[in-house]
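Enquirer: Okay, handing you the structure first.
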Amino acid sequence: MGETASPIAVVFVHGILSDGETCWRHPNGAYWPGMLANHDAFGNMGIYTFTYHTGVFSGSYDLGDIVDSLKECLHLDGVNRARKIVFVAHSMGGIVVRRYVVQCCDELVERGVELGLFLIASPSLGSPYANWLSPLAKFMGHTQGQALEFCQSNAWLNDLNSDFRNVLARGKLVIQGRELVEDQFVVLKRFHWFKQVVPPFSGIAYFGNSLKVPLSDHFSIAKPMDTQALQHRALCSFIENLAKQQSTADSVWECAGSHRASVGASEITIVAGRIEEYPLGSAALVLPCNEYFEDRCTSDTRTALGVYISKHCAGATSDFSDAVKQHCQTRFGPGTTQQKTMDESGESYGPGRAILVEDPSQRAAAIVLVSTTTQRAGRGLAARMSYVFDGVRELFELLADHRINEVVMPVLGAGHGGIDPQLALGGLVLALAEAIRYGPDRQQRKKITIVVFQREKSAPPDVAPSGVRKALELVANKT
């Protein structure tokens, strides 16, 4: 696959017998992955082959081990960075792929991946052929063969069937599929009462528009003779249709209680919770303040800044305040004296400004303060969305200077600023999208998390999930 992920990746999955022979090569030398790579319409497509050991002497190397290997290989070789992945799986490879999908469903949804499953003679419900070989499989300790038995007591395969159907029914992971089935038995073809290794009821289990390949057996179905072979043409058509469909990864998707959307090359995630409790890791923490920056925000536990400082670094409040004052003077120069109340004046640095200071608690890479409100005598506290837009633009300047590409923030302007939380969230998302697409350092991929205030887990968040989705739909990539 190389270092750069392709827009679409095709992964051939099959077993390797003890003689090393691949199921994809026809006796005349035609090699299916190679035939696909030479297709004129697939110049930017990545093609990857994953193989696993099978056969009588594979012993205790079971299907779970194969799935673990598949996950690791897709990660190490960069295949799972593709937005669309087509699995072309023969026989037991289809079971391996379905197990991979079930295990990695949440991760795939989180990354916005769309899947294509092109299953070729895959015994989704088991194979009577495995039943015939059951005594030998048990004698040789062949765990793969035992897992393919067609019987009601095959709990492993029955559970997989149920789990995979649930993935399809939930619809969170986009999966397009097609199933090909063989036409005749492998050996003794003249005796027509012998059934296929994978009978139609087992090979056609999940997707409509199935295809029986004429004169094919369990092995020849995966060995197209040339580019005019029916199974090859069907695969090309399947990939072309998947590639033409507008990617749902470019809109809004849900995963583990969060809503996400791609904006340009970046990603915005919105979750419900409390900003002071959200794990930050290597992200910078963005917190709102008023035009005076230091003022009383640091010690006011009704504000996001005050709550964070009091919870994580109460002993460093004075040092933090000094650092804020120093950074303001360094970045903005002398402030302007404003009358905050009838009895109090203060040094204002203006709304829509931002500074970056070290986090005394060391929970975040840094703390960025964005002034989103003003306070003037006779008018009180007030926020405007224009302040948020200006502040986000300065935020991105600071991120570029300090090479920070991940931030976490509350909904700016929705607290003391008094803007309705739904409107504030929509405005913030628009401001972020504008900065992502047109602001400084726009070539760098950003990961932005917005924490919508939720007082406790049993309480509703300030913005309902439907409102969160609407906000993200305003900016999600459409092409």
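Enquirer: Could you give me the residue pairs with C-beta distances under 9 Å whose first residue belongs to segment 81-94 and is free of Cβ contacts under 8 Å to residues at least 24 places away in the same chain, whose second residue is in a strand (DSSP E or B) wherever it lies, and which are 6+ apart or on separate chains?
Expert: Nothing qualifies.
Enquirer: Which of the residues that make up segment 303-318 are assigned to a helix (DSSP H, G or I) and either modelled with pLDDT of 90 or more or crowded, with 17+ Cβ neighbours inside 10 Å (or both)?
Expert: 304, 305, 306, 307, 308, 309, 311, 312
Enquirer: Just to verify a result, which residue in segment 271-302, among those that are in a loop (DSSP other than H, G, I, E, B) and on the phi > 0 side of the Ramachandran plot, is surrounded by the most Cβ atoms within 10 Å (Cβ to Cβ)?
Expert: Initially, segment 271-302 is screened for residues in a loop (DSSP other than H, G, I, E, B), giving 274, 278-283, 291-302.
Add one more test, that the residue is on the phi > 0 side of the Ramachandran plot, and what stays is 281, 293, 295.
Numbers: 281: 10, 293: 28, 295: 22.
Filtering first and then ranking leaves 293.
Enquirer: While we're looking at this one, here's another question. Among the residues of segment 434-453 satisfying the criterion of being within 24 Å of the chain's Cα centre (by Cα) and assigned to a loop (DSSP other than H, G, I, E, B), which is nearest to residue 398 (Cα to Cα)?
Expert: Taking the candidates together, the pick is 441.
Enquirer: Sticking with this one: Given (1) open to solvent by less than 10 Å² (accessible area, probe 1.4 Å); (2) modelled with pLDDT of 95 or more; (3) among the aliphatic types (A, V, I, L, M), where does residue 430 come up short, assuming only one miss?
Expert: Every condition holds for residue 430 apart from (1).
Enquirer: Still on this structure, please answer the following. Using the structure shown, decide if residue 372 is in a strand (DSSP E or B), without any contact (Cβ under 8 Å) to a residue 12 or more places away in the chain and in contact with a strand residue (DSSP E or B) (Cβ under 7 Å, 6 or more places away or on another chain).
Expert: Considered against the rule, which asks whether it is in a strand (DSSP E or B), without any contact (Cβ under 8 Å) to a residue 12 or more places away in the chain and in contact with a strand residue (DSSP E or B) (Cβ under 7 Å, 6 or more places away or on another chain), residue 372 comes out as no.
Enquirer: Are any residues in segment 3-46 farther than 21 Å from residue 242 by Cβ and at pLDDT below 80, and if so, which ones?
Expert: The answer is 3, 15, 16, 17, 18, 19, 20, 21, 22.
Enquirer: I've got another one for you. Return yes or no: is residue 360 closer than 15 Å to residue 321 by Cα and open to solvent by 20 Å² or more (accessible area, probe 1.4 Å)?
Expert: Considered against the rule, which asks whether it is closer than 15 Å to residue 321 by Cα and open to solvent by 20 Å² or more (accessible area, probe 1.4 Å), residue 360 comes out as yes.
Enquirer: For segment 224-233, which residues satisfy the criterion of being open to solvent by less than 10 Å² (accessible area, probe 1.4 Å) and within 15 Å of residue 41 (Cα to Cα)? Can you show your working first?
Expert: The initial filter retains those residues of segment 224-233 that are open to solvent by less than 10 Å² (accessible area, probe 1.4 Å), namely 224, 232.
Result: 232, single match.
Enquirer: Write out, first by first residue and then by second, each pair whose Cβ atoms fall under 9 Å of each other, whose residues are 6+ apart or on separate chains, and whose first residue, in segment 285-301, is touching a residue at least 24 places away in the same chain (Cβ under 8 Å) and farther than 16 Å from residue 352 by Cα while the second is open to solvent by 30 Å² or more (accessible area, probe 1.4 Å) and among the basic types (Lys, Arg).
Expert: These pairs meet every condition: 285/363.
The values are calculated or read from the model by the stated rules, or taken from the named source; none is laboratory data. What you see is a predicted model; the values in this text were computed from it and never measured. Every residue, glycine among them, receives a Cβ derived from its backbone with ideal geometry; neighbour counts consider all protein chains shown. In case anyone asks, the SASA skips ligands and DNA or RNA and just uses the protein heavy atoms, side chains included. Shrake-Rupley method; radii C 1.70, N 1.55, O 1.52, S 1.80 Å.
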